[in-house]
1. Tally up the residues in the range 87-116 that are touching a strand residue (DSSP E or B) at 6+ places or on another chain (Cβ under 7 Å) and outside any strand (DSSP E or B), please.
2. Go over the candidates Val157, Val150 one by one and state the one that is β-branched (Val, Ile, Thr), at pLDDT below 95, crowded, with 18+ Cβ neighbours inside 10 Å and in contact with a His (Cβ under 7 Å, 6 or more places away or on another chain).
3. Any residue at all in the range 60-67 that is free of Cβ contacts under 8 Å to residues at least 12 places away in the same chain and over 16 Å from the mean Cα position of the chain (by Cα)?
4. Tell me, which residue of the range 76-114 that is under 17 Å from the mean Cα position of the chain (by Cα) and among the aromatic types (Phe, Trp, Tyr) is surrounded by the most Cβ atoms within 10 Å (Cβ to Cβ)?
5. From the set of residues in the range 170-180 that are on the phi < 0 side of the Ramachandran plot and either at pLDDT 95 or above or not in a loop (DSSP other than H, G, I, E, B) (or both), which is surrounded by the fewest Cβ atoms within 10 Å (Cβ to Cβ)?
6. Which one is modelled with the lowest pLDDT among residues in the range 113-147 that are within 17 Å of Trp56 (Cβ to Cβ), in contact with a Pro (Cβ under 8 Å, 6 or more places away or on another chain) and aliphatic (A, V, I, L, M)?
7. Leu33 versus (1) at pLDDT 80 or above; (2) in a loop (DSSP other than H, G, I, E, B); (3) under 18 Å from Trp162 (Cβ atoms): which is the lone unmet condition?
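The values are calculated or read from the model by the stated rules, or taken from the named source; none is laboratory data. Everything numeric here is computed off the predicted structure, so don't read it as measured data. Every residue, glycine among them, receives a Cβ derived from its backbone with ideal geometry; neighbour counts consider all protein chains shown.
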Amino acid sequence: MFWVGGRFGQAAELNGVNSFLERYESTALCPNLTGWTVSAWVAAIDIPLEGAIVSWYRCGANSNCNANSDASLYRLIVQPGERFQWGMRDYGGQDCEQTDPEAVSDLNWHHVVGTLSETDHHTRLYVDGTLMPELSGCLINQLDGSPVTVPFSIGRVFRLFWAEPHMYLRGRVDDVRIYARALSHDEVRTLYELDGRPFAAQ
């Protein structure tokens, strides 16, 4: 991994093979039903496979993972064709995944935000300050914030003992943020417009 010019100051440049950043276990990183937001700037490069911008996978270090306690996850990823996706799963196994319908076929910086509402339990995806089409009838209803020994990862999905880490990202990531509440559309737009500089990654 290298530190290079970023959207703000320096950014992590990830090679898509074995580079990543991780913050080890903390209850502050465990999602709960009081609301959740994950925000990141990303400049993806040549995505032949899925790449994780950020991820937290409760099952990551548990070889006996089961849907009653360990299935929950959240992640922002870049899909093949450079489509951004926000996904959450609760410990009942309910998956809610939203994907940007438009491919981002450039190397510029893009702001990607995923939220979980504390009021209606819906997940929402924003790309460059714009709310993407919402899922109908997909609710995240079973989460708790109890501690678990898995890291918050930037640039991959953590798995240990039962599988190898995967979804290594090739690109640059900057200004990753987590909020223990759902940001409003106006707040997401404010983050996107922060600083007002051009968004070119070159």
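1. So the count comes out to 6.
2. The conditions single out Val157.
3. There is at least one residue in the range 60-67 that is free of Cβ contacts under 8 Å to residues at least 12 places away in the same chain and over 16 Å from the mean Cα position of the chain (by Cα).
4. Only one residue fits best here, namely Phe84.
5. Filtering first and then ranking leaves Arg177.
6. Leu143
7. Just one mismatch for Leu33, condition (3).
Here's the yes/no breakdown for (1) closer than 20 Å to Thr149 by Cα; (2) among the aliphatic types (A, V, I, L, M); (3) free of Cβ contacts under 8 Å to residues at least 24 places away in the same chain:
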{"position": "Phe8", "(1), (2), (3)": "no, no, no"}
{"position": "Gly16", "(1), (2), (3)": "no, no, no"}
{"position": "Leu49", "(1), (2), (3)": "no, yes, no"}
{"position": "Met88", "(1), (2), (3)": "yes, yes, no"}
